[in-house]
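Single-structure report; data block below.
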Amino acid sequence: MVQALNGKTALVTGSTSGIGLGIALGLAKQGANIIMNGFGDHLGAKAQIENLGVKVLYHGADMSKSQEIEDLFAYCDHQHAPVDILVNNAGIQYVANVEEFPVERWDAIIAINLSSAFHTSRLALPHMKKQNWGRIINIASAHGLVASAQKAAYVAAKHGIVGLTKVTALENATSGITCNAICPGWVLTPLVQKQLDDKAKALGISNEKATELLLGEKEPSMQFTTPEEIGELAVFLCSKPANNVRGVAWAMDGGWTAQ
Ligand code: NAD
């Protein structure tokens, strides 16, 4: 099989779990070497990616801290693994009304879900410009296009990252560097499992019923998007035919934002 991304290096932030891991696996299947990042035990996920025959590095930078992001890029340089493909995926969630939203949670969500993508992009672009090729994929959300109550910081950060995506795409529009956003609806990862568990507990209902309510409220297809499907879209955005896809916020949300 021809592996379209042979010889490329992809940094996927927050790739120890969920969507980030799905994307890392998708890119690795196409031959890309992977720089993993994220919290928790990374060894199982690392072995899973390595099984695909690519080189995998790991750096545990906290994406809320610009100095640690700079350390991550210094580590990539030191390992002779400059970033050709940047996937800004690390993210967290917190749910509360605006007047009750803990200031510290607001700051953390803006730092991790939005500002980190500015820092990684500014650090990745010089190498991409030098070789006149690069791919930046920002994992936004349906919440980058529309809002839900009680998600002020998340919705603000995701709308912000859609804006950052457009600016980055425009600044590099005549080059071989593209920047696009993927906007998933519900994906069954630890981040959403927690919201499901909270819903089931609050309403005193089963997990199955809570899933039905969660999907029914927003997602006409009544199905979760999978990390593997998002990985395949990321592979497409890295491909040659996607060369002129620039600055889009690509919904993958079962019809959520079509309503
Ligand atoms: P997840 O909780 O499974 O994974 C989040 C990843 O980010 C983990 O690897 C975690 O360790 C990492 N992370 C968290 N804080 C970090 C920090 N400070 N520094 C470095 N890494 C950190 O969540 P997920 O559902 O896979 O979410 C991934 C991305 O997809 C997020 O940006 C999220 O907003 C977005 N998203 C998720 C859904 C969904 O339904 N799950 C929908 C739309 C968008």
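With 22 Å as the limit, the listed pairs LYS8/LYS129; LYS55/LYS158; LYS65/LYS240; LYS65/LYS158; LYS129/LYS158 have LYS55/LYS158; LYS65/LYS240; LYS129/LYS158 beyond it between alpha carbons. So which residue, out of VAL103, VAL192, VAL248, gets the largest mean-square fluctuation from a GNM of the chain using Cα contacts under 10 Å as springs? Residue with maximal mean-square fluctuation among VAL103, VAL192, VAL248: VAL103. Partners of LYS209 within straight-line reach, counting lysines whose Cα lies under 19 Å from its Cα and excluding those fewer than 8 residues away in the same chain: LYS194, LYS199, LYS201, LYS218.
Take the Cα radius of gyration of the range 8-127 and divide it by 2.2 N^0.38 Å, N being the number of residues; the result is 1.09.
Run the Debye formula on the Cα coordinates of the chain, all scatterers equal and no solvent, and tell me log10 I(q)/I(0) at q = 0.11, 0.12 1/Å. Calculated log10 I(q)/I(0) at the listed q: -0.57, -0.68.
Bear in mind that the values in this text are calculations on the coordinates, not laboratory data. Just so we're clear, the structure is a prediction, and the values are computed from it rather than from any experiment.
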